[in-house]
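What follows is a single structure, written as structure tokens, with notes after it.
The values are calculated or read from the model by the stated rules, or taken from the named source; none is laboratory data. Just so it is clear, the structure is predicted and the values come from calculations on it, not from any experiment. Because the Cβ atoms are built from the backbone with ideal geometry, glycine has one as well, and the counts that use them run over all protein chains shown. Keep in mind that these areas ignore ligands, DNA and RNA; they rest on the heavy atoms of the full protein, side chains included. Shrake-Rupley method; radii C 1.70, N 1.55, O 1.52, S 1.80 Å.
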Amino acid sequence: MTHYQSNLRDIRFNLFEVFGRQELLGTGPAAELDRETADTALTEMDHLCRTKLADALTTDDRNPPVYDPTTHSVRMPEATKKAYQAYMDSDWWRLELSEELGGVEAPPSLRWSVLELILAANPALYMYSAGPKFGQLAHQLGCDRDKKIARHMVERQWGATMVLTEPDAGSDVGAGRTRAYAQQDGTWHIKGVKRFITSGEHDMTENIMHLVLARPVGVDGVGGPGTKGLSLFLVPKYHFDLETGDLTGERNGVFATNVEHKMGLKVSTTCELTFGDTDVPAVGWLLGEVHDGIAQMFHVIEHARMMVGTKAMATLSTGYLNALEYAKTRVQGADLATQAKDAPRVTITHHPDVRRSLMTQKATVEALRMLVLFTAVQQDKIWLAGHEGRQDRSAEAVNDLLLPIVKAYCSERAWLMLGTESLQTFGGSGFLQDYPLEQYVRDAKIDTLYEGTTAIQGLDLFFRKIVRDRGRAVQTVSAEIEAWLEAEGPLTAERVLLARGAEDCALILANMSQQMMAVQARPNELYKIGLNTTRLLMCLGDLVCAWLMLRAGEIAQRALDAGGLSAADEDFYRGKVAAAQWFARTRLPRLTAERKMAEAVSLDVIELPESAF
Ligand code: ST9
């Protein structure tokens, strides 16, 4: 039996009952995709995950890709190869492409819902399969030559990578030293060493296109220090005919010089790539013939940050469902309220602490799913506006605000919950490879690290998405929360908690904003802000999630009040109300304590000498 479990009922509830996404289907840019087709997409992807994609994740965790340093190549394990081909043959990856490139126009909310399933079943496969999506970007940002290359990337289903990080340039991408030298024929030669490159080498596609940040040498106005001096280059593994895409048989001068040994997600290769260190030059093209590297790369990074948050949520979802299944069958101990020594043994779902744990897991994963989909709803607005020749600046700003929260809040909550609650539900058995939890914990840890650590997301949230935005997007979201609170509705006790939580978050933010205003007079105030940026991010995550959960709880309560439900629906809606109440009651009161801790930060810890740690 596969490790993968899914909750299509909750995905559909969010898409259609909470966020009303059916309004976008069968009309406008998604005219070819109606509600029924969207339902089928979810069912079929779920079936594909269950039958063809999921098993390779666990099998090949024990049988990972093999790196050969003499040929600089990687041999992928057979199960992953087969699963990868099954995914590419299914054509579901086309949901992420525009019609112009052979894709199917779908609102981002539906795309992320479908992607949740593969990201739960086998996230490495999604990453290997992202080449055509990179092609989409090259098509969007490129010149005529790049558009041709982009078509080869899509039509020939090449792999692709994002190549930023270097041994001494991780979070600080601007410290990168890889150089690019202009050639007479318009190409560039890249020289340098890059590290932690996901899918950097494998044998599942005929070619791999690397999107590489490098510093141009000897070109006026570019190549200077920091991120702004970087340009973005398309550098293929194998040379090919620009017109036809056929490989010429010649190797380009980019080689995998190491594959990392990792704690988890072992099916996904993480490579060191060396460019231009042999007699063979690493030849590339400047994307779009413009020197705008970091901004171009951020198109990829933004997508990948959303992907990582969704992956974290998806892993917690399958983790919780595995824990629930185990708890329903595991018989251990007597009911706590039964005094007799010979009382009958019960399944562990009867024990209060297991109930607490299961409800904490259920409420958390459902909240994270809502956060992902609420963000995807902003992307729907941007997508629709784009198709109508408009720009929805408000949705863009709210999406920008939410992305670091999706990335960091989902990954931090999911990783912790998988270890402390989902694995724990299995008792000692959770520690064994007989169940998927020990792997999920290992595989999910990376989500707090790559695509910008949690600390980076906290800085991005406060300085870029709040201060630089002058608080407009954060005000848009808080006005929505206020409007919801002002309307009449059930869950009155939880509404009071939400109002107090919103006030606590507003006070944390006001305090940090005041510190920001004092920075010119007292530069050290920045340290106080820096001590609270992660806290702020997690608090805003709690607040937005609690609000979304209460919105869902209200809809579920109204369905229950209306009556006439099937037994399964009655259970589902009761579960939604209970999860909303649980989330609000257990997370919102903590915001007052967080506010007090935020207000109490001092420079003591900054002034402490390093030697005292
Ligand atoms: C990695 C790989 O971890 C992990 C898995 C990969 C899986 C791959 C598969 C994914 C599929 C993807 C397919 C994609 C296809 C494309 C889809 C699209 C159709 N938002 O603040 P400044 C820009 S890889 C937007 O001064 P510093 C902006 O241009 C490694 N833009 O920064 C800005 O200029 P301006 C991941 C942003 O102090 C400029 O940067 N590594 C944002 O110079 C400079 O900004 C990381 O994630 C933003 N939020 O540098 C690095 N922020 O201001 C983490 C900046 O004029 N480190 N820009 O607008 C950071 O993010 C740092 O904060 C830093 C700081 C490097 C940006």
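Can V222 be described as out of contact with any Phe, Trp or Tyr (no Cβ under 6 Å at 6 or more places or on another chain) and open to solvent by 10 Å² or more (accessible area, probe 1.4 Å)? Considered against the rule, which asks whether it is out of contact with any Phe, Trp or Tyr (no Cβ under 6 Å at 6 or more places or on another chain) and open to solvent by 10 Å² or more (accessible area, probe 1.4 Å), V222 comes out as yes. Scanning segment 340-399 for residues that are of a type in the set (G, A, S) and either within 30 Å of G471 (Cβ to Cβ) or free of Cβ contacts under 8 Å to residues at least 24 places away in the same chain (or both) turns up A340, A343, A363, A367, A376, A385, G386, G389, S394, A395, A397. Among the residues making up segment 206-221, those that are of a type outside the set (D, E) and away from the ligand (no atom under 14 Å from the Cβ) are N207, A214, P216, V217, G218, V219, G221. Where strands (runs of 3 or more DSSP E) sit wholly within segment 277-350, those with at least 3 residues that are open to solvent by less than 20 Å² (accessible area, probe 1.4 Å) occupy 282-286.
Selection within segment 544-595: residues that are open to solvent by 30 Å² or more (accessible area, probe 1.4 Å) and among the basic types (K, R). The member of this set that is farthest from T476 (Cα to Cα) is R574.
Flag not set for Q361, criterion: in contact with a helix residue (DSSP H, G or I) (Cβ under 6 Å, 6 or more places away or on another chain), part of a helix (DSSP H, G or I), within 16 Å of the ligand (Cβ to nearest atom) and open to solvent by less than 60 Å² (accessible area, probe 1.4 Å). Taking residues in segment 541-563 that are in a helix (DSSP H, G or I), and partners anywhere that are acidic (D, E), the pairs with Cβ atoms closer than 6 Å and at least 6 places apart or on different chains are L550/E494; I555/E17. Can you find, within segment 44-83, the residue that is least open to solvent (accessible area, probe 1.4 Å) among those that are hydroxyl-bearing (S, T, Y) and in contact with a helix residue (DSSP H, G or I) (Cβ under 7 Å, 6 or more places away or on another chain)? That would be T80.
The residue that is farthest from the ligand (Cβ to nearest atom), among those in segment 158-199 that are open to solvent by 50 Å² or more (accessible area, probe 1.4 Å) and part of a loop (DSSP other than H, G, I, E, B), is Q184.
Which one is nearest to the ligand (Cβ to nearest atom) among residues in segment 301-347 that are of a type in the set (A, V, I, L, M, F, W, C) and farther than 23 Å from A121 by Cβ?
Looking at residues that are of a type in the set (A, V, I, L, M, F, W, C) and farther than 23 Å from A121 by Cβ, I get I301.
The C-beta contact set for segment 148-166 (first residue touching a residue at least 40 places away in the same chain (Cβ under 8 Å), second residue open to solvent by 20 Å² or more (accessible area, probe 1.4 Å) and within 8 Å of the ligand (Cβ to nearest atom), distance under 7 angstrom, 6+ apart or interchain) comprises M153/F134; A160/F134; T161/T198; L164/V173. With respect to (1) without any contact (Cβ under 8 Å) to a residue 60 or more places away in the chain; (2) surrounded by fewer than 19 Cβ atoms within 10 Å (Cβ to Cβ); (3) over 21 Å from G131 (Cα atoms), the lone exception for A86 is condition (3).
Of all residues in segment 483-505, exactly one satisfies the criterion of being within 29 Å of the chain's Cα centre (by Cα) and open to solvent by 60 Å² or more (accessible area, probe 1.4 Å), namely E503.
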